[in-house]
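What follows is a single structure, written as structure tokens, with notes after it.
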Amino acid sequence: MTLLREAIGESLRRARIAQSRTLREVSTSARVSLGYLSEVERGRKEASSELLAAICQALDVPLSQVLVDVSAAMADADAPAPARQPSAPVPSASATAESADAAAARAGIAEDTRIVIPAPKAEKLVLVQAK
């Protein structure tokens with residue numbers, strides 16, 4: 001189980017590292033001791049709402065964005081692991097379309113039903129620059 005203080009600390013640390021800033025820079029800007037900010041980032045201390053607001057302001061990140069990030073991280077951590085299904089050979093494109101239609105018909109799913117898979121959130125993407 002993920003603790004709220006740990007998820008908040010991870011989110012703040014990711015934001016700071018994404019900006020290539022040091023703990024010292026952020027602690028000075030937020031007017032928080034370096035040691036305390038480090039403890040918050042490591043999930044060892046519960047930060048007050050005032051302290052979180054000061055850290056977020058120093059990072060120029062809305063507190064609401066941190067909370068959304070934390071909510072998503074906790075939901076992911078608490079979600080049950082999907083059951084593993086045995087692998088099946090990959091069919092051709094035409095066979096896939098036909099088998100998908102047949103499977104949908106067997107399941108009683110209307111022909112005009114669409115499955116939408118959301119794109120990953122920008123904060124979860126990792127960009128790698130080619131050398």
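Rule-based calculations on the coordinates, nothing more; no lab input. Because the structure is predicted, anything quoted here is derived from the model rather than measured. Because the Cβ atoms are built from the backbone with ideal geometry, glycine has one as well, and the counts that use them run over all protein chains shown.
Some notes on this structure:
- Theoretical FRET efficiency, 1/(1+(r/R0)^6), r = Cβ-Cβ of R31 and S71, R0 25 Å, to 0.05: 0.40
- Working from label points 7 Å from Cα in the Cα-to-Cβ sense, the E46 to A79 distance is 2.9 nm.
- Note on T2 and Q57: with the Förster distance fixed at 41 Å, the Cβ-Cβ geometry gives a FRET efficiency of about 0.95.
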